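> One structure follows; several queries about it will come next.
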Amino acid sequence: MQNILTNLVRLQEKAYGPDREAFSVIDVDAKRCVGTSWGDFARMVENAACAFEILGLKPSDMVAVVSNNCPEMLITDFACYSNRAVPVSIYATSSPDQIQYIINDAGARFAVVDTEAHYQAVRSIFDECPTLEKIITINPTIKHDDADKDSMRFSEILELGAAASPACRAEVTLRASEATPEDIATLIYTSGTTGQPKGAVLTHGCFNAAMEIHHERLTTLSDSDTSVCFLPMCHIFEKAWTYFCLSKGMRVAINHDPKRIQEALPIASPTSMCSVPRFWEKVYAAVQDKISAMKGVQRILVERALKVGAKRNLEYKRLGLEVPWWLEKQYQFFDKRVFDKVRKVIGIQNGRFFPTAGAPISPEIVEFLHAIGVNIVVGYGLSETTATVSCFPDVDYVIGTVGTTMPGVQVKIGEENEILVKGPTVMRGYYNRPEENEKAFTADGWFRTGDAGRFDMSGAIVLTDRIKDLFKTSNGKYIAPQAIESRLGQDRYIEQVAVIGDRRKYVTAIIIPAFGALKEYARKHGIAFENVEDLIENSEIKNFIAERIERLQKGLAGFEKIKKFTLLPKEFTIENGELTNTLKIKRPVINSHYASEIEAMYC
């Protein structure tokens, strides 16, 4: 069996011709997308592959990539696949210590870096990485240190490969022809919420299976679609999704700066984009805020539109039922006058398919998005399973679940309600971690996800929480903190939440407000402040947040509800060790950093 990724770019060039666009880069400042054809993509991959061979890269060697999303990441990945080598992507937000750990754990021989900061970070640890031989810089503005004899530019890589000898090209071609599904495709390093990250070994066989089951399941997508590459490509969700899009012939629009995604979306106008729930939580909060500010006829119109949208899309379209003509006419009226305007503001007026995973998302948000014609497709997966384990089917999906199991993937519920997975997309194991591998798999080969869940009556998977995040109050009541945090996260005045309560009398929370929105509220209501510290200490502000929390907790059991909270003046950050690179809360660190604030809530 051939590996899908090994020759994907060259095969797509033949299938679509050299002139069709493969991907583009979103230039936010110039408000345009700069495209690259399949022919140019294939040529750059071939030249980079030859350059790596000239520099001594061998099959199974590791190449670290520390970068924001950019074409060079894709070129490096596919150049490595041509050599049967292994690209290892490292988050652009990683510290020098984290980069050093992964380079040494993987034994990487080359490091491809994006920015000046990345270059300086790798330079600072170069002598502590015994396997590292060369740094390759992407951004042409990076100034190499005068004493640096170990670095070269990505442009030089392409030039070196362009001048490669026939013998070099023949060697790369031979390597690609000898590739097998058992070859390692990549190492995906887990977030490390409670310790050092582990490298999940994903073989080409894992990606072969992942591509096939997505082609089988996602039948509404075609090569006329465009997807924005927004999440970091070192995240398995974005990496696997981008590969799927390329294998489908979909155009991929690369967004380099995740902080400018709201500017980028209207420029690319995608039909699809994978994202995490936080993106949609912010969209929901912003739209809800605008609706709450409306008055009179305008508000009545929007509320009526939402009722019609919910009835049409949730009661009929979701179930695959024919929409009554009178309802369809109403929907088309509101879609043109209300929903289309909302989608244009977001930048997804052409949107058709939006896979979302990585954290819990409120059913209320999912229902709202479907009501306004945004097809958000909730799914579930892990680094260790080459992303998707389950997702919403086209029809008969159940909101509040993470969909039904993908073809060829097996799921069962084990002890402590743990979700167990088996199938061809499951990793080989963790790199150089035999002890961890024993813990990660059952005796009969099922992968332990660490997530608690169950099947509902329809056969869809319902997630409860991360097992290690579940805690018990001193009254013996189990609490799922992520579920509560996702409820509060939909509020436009709340940016981050950490729910507390393990072995405590009641549940509390550390809350970081959305300061932009909160300042706007304070000014509107005549609340004086000079800085954010003034805001969070103000009794009116505290009462305002408390009222919103109480509304958001409607339907929760009494023992689940947050009884007290503390507002903080600064966000949890990756740099302070409070968040992982995938923005998940490191609960032990939060508990340690804010021990005094937490204790004060239990006095």
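The values are calculated or read from the model by the stated rules, or taken from the named source; none is laboratory data. Every value quoted in this text rests on a predicted model; they were computed, and no experiment measured them. As a convention, Cβ positions derive from the backbone with ideal geometry for all residues, glycine included, and neighbour counts pool all protein chains shown. Calculation scope for accessible area: heavy atoms of the full protein, side chains included, ligands and nucleic acids excluded. Shrake-Rupley method; radii C 1.70, N 1.55, O 1.52, S 1.80 Å.
> Dipole of the chain (Lys/Arg Cβ +1, Asp/Glu Cβ -1, origin at the Cα centre): which of Phe441, Met457, Phe471 lies farthest to the positive side?
Farthest towards the positive end: Met457.
> Taking Cα pairs under 8 Å and at least six residues apart, what relative contact order does the chain come out at, in percent?
11 percent
> What spacing in nm lies between the two simple spin-label points modelled at Tyr478 and Val345, each 7 Å away from Cα in the Cβ direction?
Here the modelled spin labels are 4.1 nm apart.
> At a 10 angstrom cut-off on C-beta neighbours, averaged per residue, how do the peptides 530-542, 501-513 rank from highest to lowest?
Result, highest mean Cβ count within 10 Å first: 501-513, 530-542.
> Any idea which of Thr180, Ile419, Gly501 is furthest toward the positive side of the dipole for the chain, if Lys and Arg beta-carbons carry +1 and Asp and Glu beta-carbons -1?
Gly501
> Could you state the number of Å between the C-alpha centres of the stretch 405-438 and the stretch 344-392?
Value for the Cα centre distance between the two parts: 23 Å.
> Compute from the Cα atoms of the chain the Rg and the Dmax, the latter being the longest Cα-Cα distance, and quote both in angstrom.
Gyration radius and largest Cα-Cα distance of the chain: 24.8, 76 Å.
> Taking 8 Å as the Cα distance limit and 6 or more residues as the minimum spacing, I'd like the relative contact order of the stretch 313-413 as a percentage.
24 percent
> Another question, then. Within 10 Å, count the other beta carbons around each residue, average over each peptide in 21-27, 432-438, 205-211, and list them highest first.
Final packing ranking: 205-211, 21-27, 432-438.
> Between Cys603 and Glu540, how high is the FRET efficiency from 1/(1 + (r/R0)^6) when r is the Cβ-Cβ distance and R₀ = 22 Å? Nearest 0.05.
0.40
> Taking only DSSP H segments of four or more residues, each worth -39500 (n - 2.57), what value at 222 nm results for the chain once the sum is divided by all its residues, to the nearest 500 deg cm²/dmol?
My calculation for the chain gives -11500 deg cm²/dmol from helical runs alone.
> What number comes out for accessible area per residue over the stretch 1-45 if the probe is 1.4 Å? Units Å², please.
52 Å²
> Would you work out the charge dipole size for the stretch 303-379 about its Cα centre, treating the Cβ of every Lys and Arg as +1 and the Cβ of every Asp and Glu as -1, and quote it to the nearest 20 debye?
That gives a dipole near 280 debye.
> Separate question: Report the Cα centroid-to-centroid distance between the stretch 179-230 and the stretch 33-100 in angstrom, as an integer.
For the stretch 179-230 versus the stretch 33-100, the Cα centre distance is 16 Å.
> If you project the alpha carbons of the stretch 55-208 onto their three principal axes, what span does each projection cover, largest first, in Å?
Over the stretch 55-208, Cα extents along the principal axes are 39, 38, 27 Å.
> Going by average Cβ density within 10 Å per residue, which order do the peptides 391-403, 234-246 take, highest to lowest?
Highest to lowest by the protection proxy: 234-246, 391-403.
> Please get the size of the charge dipole for the chain, origin at its Cα centre, with Cβ charges of +1 on Lys and Arg and -1 on Asp and Glu, quoted in debye to the nearest 20.
Its charge dipole is roughly 2260 debye.
> What dipole magnitude, in Debye to the nearest 20, does the stretch 1-75 give about its Cα centre under +1 on Lys/Arg Cβ and -1 on Asp/Glu Cβ?
The calculated dipole for the stretch 1-75 is roughly 160 debye.
> If you take the Cα Rg of the stretch 247-297 and divide it by 2.2 N^0.38 Å, with N the number of residues, what do you get?
Normalised by 2.2 N^0.38 Å, the Cα Rg of the stretch 247-297 equals 1.50.
> Any idea of the accessible area per residue across the stretch 558-603, 1.4 Å probe, to the nearest Å²?
So the stretch 558-603 comes to 52 Å² accessible per residue, rounded to a whole number.
> Let me ask you something else. Once the Cα atoms of helix 236-248 and of the chain are each reduced to a long axis, what angle between those two axes, in degrees from 0 to 90 to the nearest 10, is obtained?
60 degrees
> Report relative contact order for the stretch 1-120 in percent, whole number only (criteria: Cα-Cα under 8 Å, sequence separation at least 6).
So the answer I get is 25 percent.
> For the charge dipole of the chain, defined by +1 on Lys and Arg C-beta atoms and -1 on Asp and Glu C-beta atoms about the Cα centroid, which residue among His256, Ile598, Leu11 has the Cα displaced farthest towards the positive pole?
Farthest along the dipole direction, towards plus: Ile598.
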